[in-house]
Amino acid sequence: MERYTDPMAHPSPWTDIGRHDLLPAASHDEIARFDVIAQLNTLLAARLAPAVRASFEGRVSPAWAARHGHEPRDRQEVAEAMSSDPAWRSWSLVRRNTMEMRQQAGRSLVARQATALRDRAQALNEGAATLQLDPSLPVPRYVSAVDTHLMRGGYTAEQIEGDVSNPANYDAGFFATVGGMAGPWNDAAGRALAAWLQREHPDFQPQRIADLGCGLGHNTLPLRHAFPQAQIVAVDVAAPFLRYGHARARSLGIDDIEFRQQDATATSLPDASCDLVFTTMVLHETSAEALPRILAECKRLLRPGGLAIHLEQPPYRRFPPFEQFMRDWDGRWNNEPFWTSLHEMDLTERMARAGFRPGEIFETECRAPALVAADGRAEDFGRSPVWYAVGAWQTADETAAAIG
Amino acid sequence: MLDRLYSVTLALVAELAVTRARLDTVERLLARRSVVGAEEIEAYRPADAEEVEARSRLHAEYLERMFREFTPVTRGDTPR
């Protein structure tokens, strides 16, 4: 989401977050801490980022041109030119600190109630066949080696038996990070995908849906609402997120989504068993080794007429060098080591390499529809969160060839 | 060093904002229950010399702490 290019938005107060049984309780000051972070992120977008652009255009780029005979030609030259620019350094330091503070605020919030959250999750998950954990599943190195976006311990960390505190932190803190722009349920990507499917392909009625890298399932649930008949399987390697996601869904009245602890490169789902396989903001958190295997797994899972689709940020090639440079910040400063590679990639070409027919591969844009507040209050969740999507349809003969 | 200065400053910025939010909550709840309204707070004047001195001391000590790096250290000063 274009956090730093959106000067108009007022962040939603944290008290607007959607309530469910797993949401950690928050005191006045804990809420205020989240709200300050949302405000700081708005400041970054509305005031500091434009100052960085002004500095680049007014001072840094001309100075570079005077020295080199041309303006910075690519992202790398912009980075070199900007490395000592005070406006950029301030923007970067404040942004890094809002991320650190967001993590600290979330950690301290959940740490004091970790046992209570675990117990609530256990009570909701008790005896459910729809939660399938596999402690023997190896954790991919791209998950185990990194505290992704500064989340201490990463997705799989457990401080206590049956821990759900990292996903609780993720759920509560994500709302603050994006100032509520993903909606009260943090599910704008899932809503955007569902809305795109219903608008562009109204006759497409998937019977089985797989969400790969589902995390806490926040973007899985909108597909349940859009396709009530579909059987939905949500897959992730992180047990804490699956426990939390399964319990969260149940507390929201959804008890028929299967949450399975599996690797997106090798699920247990049979060949040609799904009509829709999707990821939301997952591919950039994988690796050069895993990505082609995930794309191939999607191909393997699809029935004829099925769709594989992945929501991400747009590839860098769509932007001028300065904007690429700003967008690349997360790769280096927000612990997203695969971010840069993913955004330099042509995912349509990668889909073709995974076996999809080039004529069936497409790029599009998925936009979350605006929300209407339940209490009728004018609600400003709609900062129009919009994603780049790359997708491909499975043709009948391809499936036959793949299976045969 | 500069990175750490930023971190500490931003943490202070955030905590001050949290404190202001709490103060705002208290003021609004007091007003809602008609205990003390915003006008009364705006119109506050020290009631006597003791209140004047207390407020003055509050500010002086606060500024002393804030500007400790700008004030000369002389023998007999309390440790900073």
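For chain A, what is the mean residue ellipticity at 222 nm derived from helices alone (per DSSP H run of n ≥ 4: -39500 (n - 2.57); sum divided by total residues; nearest 500 deg cm²/dmol)?
-12500 deg cm²/dmol
How would you rank A:126, A:365, A:285, going from fewest to most other Cβ atoms within 10 Å of each one's own Cβ?
A:126, A:365, A:285
For chain A, set up a GNM with springs between Cα atoms under 10 Å and report which of A:260, A:120, A:191 has the largest fluctuation.
A:120
Counting Lys and Arg as +1 and Asp and Glu as -1, what is the net charge of the other residues whose Cβ lies under 13 Å from the Cβ of residue A:74?
Summing Lys/Arg as +1 and Asp/Glu as -1 gives -3.
When chain A is modelled as a GNM with alpha-carbon springs shorter than 10 Å, which of A:96, A:67, A:53 fluctuates the most?
The residue that fluctuates most here is A:67.
So for the pair residue A:341, residue B:48, with labels modelled 7 Å out along Cα→Cβ, what separation do we get in nm?
Simple spin-label model gives 7.5 nm for this pair.
About the Cα centre, and with charges only on the beta carbon of Lys, Arg (+1) and Asp, Glu (-1), how big is the dipole of the range A:113-227? Nearest 20 debye, please.
With Lys and Arg at +1 and Asp and Glu at -1, about 240 debye.
Of the options A:26, A:39, A:172, report the single residue whose Cα projects farthest towards the positive end of the charge dipole of chain A (beta-carbon charges: Lys, Arg +1; Asp, Glu -1).
Of A:26, A:39, A:172, it is A:39.
Please give the net charge around residue A:214, taking every other residue with its beta carbon less than 14 angstrom from that of residue A:214, where Lys and Arg add +1 and Asp and Glu add -1.
Charge balance near residue A:214 sits at -3.
Can you give the FRET efficiency to the nearest 0.05 for residue A:288 and residue B:20, using r as the Cβ-Cβ distance and R₀ = 41 Å?
0.30
Residue A:123 versus residue A:363, label points 7 Å from Cα toward the beta carbon: distance in nm?
Each label point lies 7 Å from its Cα, and together they span 5.0 nm.
GNM on chain A, C-alpha springs below 10 Å: top fluctuator among A:271, A:147, A:203?
The residue that fluctuates most here is A:203.
Using alpha-carbon pairs under 8 Å, 6+ residues apart, how would you state the relative contact order of the range A:145-195 in percent?
17 percent
Once you average over the residues of B:13-23, how many Cβ atoms of partner chains fall within 10 Å of each Cβ?
5
Computed FRET efficiency, Cβ-Cβ of residue B:64 and residue A:203, R0 56 Å: what is it to the nearest 0.05?
0.15
Rounding to the nearest 10 and keeping the result within 0 to 90°, find how far the Cα-based axis of helix B:49-66 lies from the longest principal axis of chain B.
Value to nearest ten degrees: 40.
Note down the nm distance, to one decimal, between modelled labels 7 Å out along Cα→Cβ at residue A:47 and at residue B:39.
3.3 nm
Taking the Cβ of residue A:387 as the centre, find all other residues whose Cβ is under 9 Å away and add up their charges (Lys, Arg: +1; Asp, Glu: -1).
-1
Where a number appears in this text, it was derived from the coordinates with a stated rule and is not lab data. Just so it is clear, the structure is predicted and the values come from calculations on it, not from any experiment. Neighbour counts are summed over all protein chains in view; Cβ atoms, including those assigned to glycine, are modelled from backbone coordinates with ideal geometry.
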